[in-house]
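Below: one structure, written as structure tokens.
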Amino acid sequence: MFSKVLIANRGEIAVRIIRACRELGMQTVAVYSEADRQALHVRYADEAYLLGPAPSRESYLRGDKIIEIALQSQAGGIHPGYGFLAERADFAQACLDAGLAFVGPKPSAIAAMGDKAVARSTVKRAGVPVVPGTEGEGSLRDEELLALAPQIGFPLLIKATAGGGGKGMREVRALDEMPALLLSARREAEASFGDGNVYLEKLLEGARHIEFQILADTQGTVIHLGERECSLQRRHQKLLEESPSPFISDDDELRQKMGAVAVRAAQAVGYVNAGTIEFLVDKDKNFFFLEMNTRLQVEHPVTEIITGVDIVKEQIRIARGRQMRYTQEDIRLNGWAIECRINAEDPYNNFLPSTGRISHSLLPTGPGVRVDTGVYPGFEVSPYYDSLISKLIVWGETRAEAILRMRRALEEYKIVGVRTNIPFHQNLMDSHRFMGGQYDTRFVEERFSMEAAEEGKIDRSDISAIIATLVAHQQTQRAAHIIQRGERDTSNWKWLSRWERLQR
Ligand code: MV4
């Protein structure tokens with residue numbers, strides 16, 4: 001059984017994985033690019049090896065070199081983190097062929113879920129609801145797609161079978177615009193994935209993006225760890241995640257139903273290790289399988305915080321062939337967790353990536369606060385990788401307490417040297433729609449602007465606290481009661497207790 005793990009990643013997630021290994025008493029091997037000589041993950045690991053030049057293609061995507069380093073350093077397993085090689089079935093297979101454990105699912109499960117059309121038909125056969133669309137897994141020609149489109153109905157979406165991240169996705173409002181959109185979708189998919197194959201799905205408008213965390217061991221036990229609300233995103237980049245989802249938080253029956261379906265979807269491909277089932281949920285709480293992510297996700301901490309399960313440690317135990325330490329009945333959701341992704345980017349300039357040396361930094365601490373970071377004062381943020389520099393996660397007994405705590409933590413957090421999206425998160429925490437949990441996947445792009453948020457910011461927290469209470473409960477009689485009372489004292493504590501009284 002292996003006791004040394006190579007971490008095939010960088011940044012905050014590499015540090016996160018090293019910490020889990022350390023707690024398990026396992027040795028760690030880091031790999032790094034020329035841009036990451038001074039990186040935190042290199043310092044934290046027991047050993048570190050240079051992969052090559054900064055561009056990912058020449059470093060973190062060099063699966064051959066990474067396997068070679070694992071063998072030389074006598075690591076017995078490779079943890080891929082997220083991104084880079086995490087969802088490459090060929091890499092997972094190459095690890096197994098070299099006699100290394102891959103801390104993740106089997107190559108066959110990665111491949112089945114990686115092809116979105118195969119994933120759709122596989123889970124559908126297992127009784128999982130999917131959005132109406134084209135059936136089967138082979139490639140369809142334009143004439144066939146054009147003939148099927150009217151049966152599915154408009155508006156619809158063209159999606160790349162190799163897809164993910166919205167690449168190669170096109171909205172089609174009418175049949176006559178479809179040939180041109182098919183052409184551009186195929187071109188984009190070909191350029192992004194080297195595969196121009198596409199399929200069709202009916203477009204669900206104004207839906208929420210809710211995902212379920214799955215854990216499965218090699219003995220056949222599959223459990224879910226509840227959901228995460230991931231609708232707050234911009235251009236397919238998530239900005240904030242929370243658990244539970246405000247949309248289903250009070251509906252445990254729906255949660256258990258979706259969770260059971262998520263487990264069934266994972267079982268349909270013989271899934272082992274940690275994974276995530278993404279659903280779209282419409283206003284009427286109908287839910288549909290969207291895709292499965294066959295990796296550890298950026299937002300896994302919100303689930304860890306409310307379940308108490310260390311997902312990364314559990315991943316490693318599972319990869320060592322151990323039985324899971326939990327059954328479904330052991331899993332309880334306690335309180336509320338929110339994660340803000342802190343990116344080196346300028347929210348006042350179209351979220352343009354920001355690079356440079358971090359000269360000073362002060363991390364928020366104290367009760368209910370966790371920061372997963374890959375940087376420190378003196379570190380140079382380079383343009384070669386994604387702009388995520390840390391994740392700020394808070395826990396509260398209730399959603400309101402978590403929001404107030406996040407406000408406090410964002411205020412404490414100081415980073416000098418690069419621009420960050422912290423001001424964006426601060427404005428978001430003051431947004432009435434966010435406070436009321438009333439947002440879908442279009443919210444940030446269509447209804448939120450930094451300028452509008454900052455107009456009349458004087459006295460913002462008190463005013464917004466009252467309005468949040470009202471917005472969240474505008475349909476209820478009890479909310480009307482509060483308006484009539486017209487109380488003036490609106491300190492955070494009063495707001496909190498009032499909101500919580502209303503939510504009971
Ligand atoms: C959809 C959809 C609406 N209807 N499918 C976006 C990326 C890819 N993972 C799937 N995506 C979507 N698929 C149907 N049938 C809306 C989206 C979508 C979305 C999904 C999750 C999170 C954010 C999103 C933002 C825009 C569109």
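Applying the criterion of being in a loop (DSSP other than H, G, I, E, B) and not acidic (Asp, Glu) to the residues of the range 279-294, the residue that is farthest from the ligand (Cβ to nearest atom) is LYS285. Cβ separations smaller than 9 Å between residues 6+ apart or across chains give the following pairs from the range 265-282 residues that are under 18 Å from VAL312 (Cα atoms) to residues that are aromatic (Phe, Trp, Tyr) and within 16 Å of the ligand (Cβ to nearest atom): THR276/PHE212; ILE277/PHE212; ILE277/PHE289.
Flag not set for ARG317, criterion: outside any helix (DSSP H, G or I) and either at pLDDT 95 or above or touching a strand residue (DSSP E or B) at 6+ places or on another chain (Cβ under 9 Å) (or both). Among the conditions (1) part of a loop (DSSP other than H, G, I, E, B); (2) of a type outside the set (Val, Ile, Thr); (3) closer than 23 Å to THR307 by Cβ, the only one that ASN349 does not satisfy is (3). Every test in (1) in a loop (DSSP other than H, G, I, E, B); (2) more than 12 Å from the chain's Cα centre (by Cα); (3) within 16 Å of the ligand (Cβ to nearest atom); (4) not hydrophobic (A, V, I, L, M, F, W, C) is passed by GLN297 save one, and that test is (2). Looking across the range 229-278, the residues that are buried (at least 22 other Cβ atoms within 10 Å of the Cβ) and part of a strand (DSSP E or B) come down to GLU229, LEU240, GLU241, GLU242, SER243, ASN273, ALA274, GLY275, THR276, ILE277.
Of all residues in the range 52-110, those that are on the phi < 0 side of the Ramachandran plot, among the aromatic types (Phe, Trp, Tyr) and part of a loop (DSSP other than H, G, I, E, B) total 2. Summed over the range 136-169, residues that are over 19 Å from ASP115 (Cβ atoms) and within 14 Å of the ligand (Cβ to nearest atom) total 6. If you go through the range 116-135 and pick out every residue that is crowded, with 19+ Cβ neighbours inside 10 Å, more than 13 Å from the ligand (Cβ to nearest atom) and in a loop (DSSP other than H, G, I, E, B), you end up with 1. For ARG322, the conditions (1) within 16 Å of the ligand (Cβ to nearest atom); (2) part of a loop (DSSP other than H, G, I, E, B); (3) surrounded by fewer than 21 Cβ atoms within 10 Å (Cβ to Cβ) are fulfilled apart from (1). Residues in the range 368-385 that are under 20 Å from GLU241 (Cα atoms) and out of contact with any helix residue (DSSP H, G or I) (no Cβ under 8 Å at 6 or more places or on another chain): VAL371 alone.
In the condition set (1) away from the ligand (no atom under 12 Å from the Cβ); (2) on the phi < 0 side of the Ramachandran plot; (3) not acidic (Asp, Glu), GLY194 is compliant with all but (2). Of the residues that sit in the range 194-210 and are within 23 Å of ILE248 (Cα to Cα) and of a type in the set (A, V, I, L, M), which one is surrounded by the fewest Cβ atoms within 10 Å (Cβ to Cβ)? Of everything passing the filter in the range 194-210, LEU203 is surrounded by the fewest Cβ atoms within 10 Å (Cβ to Cβ). Taking first residues from the range 119-139 that are closer than 16 Å to VAL269 by Cα and partners that are modelled with pLDDT of 95 or more and of a type in the set (S, T, N, Q), the Cβ contacts under 6 Å between residues at least 6 apart in sequence or on separate chains come to GLU137/SER121. For the range 220-240, filtering for residues that are away from the ligand (no atom under 13 Å from the Cβ) and either farther than 24 Å from ARG88 by Cα or among the hydrophobic types (A, V, I, L, M, F, W, C) (or both) leaves 6.
The values are calculated or read from the model by the stated rules, or taken from the named source; none is laboratory data. On a predicted model such as this, the values are computed, not experimentally measured, just so you know. Counting neighbours? That spans all protein chains shown, and the Cβs are built from the backbone with ideal geometry, glycine included.
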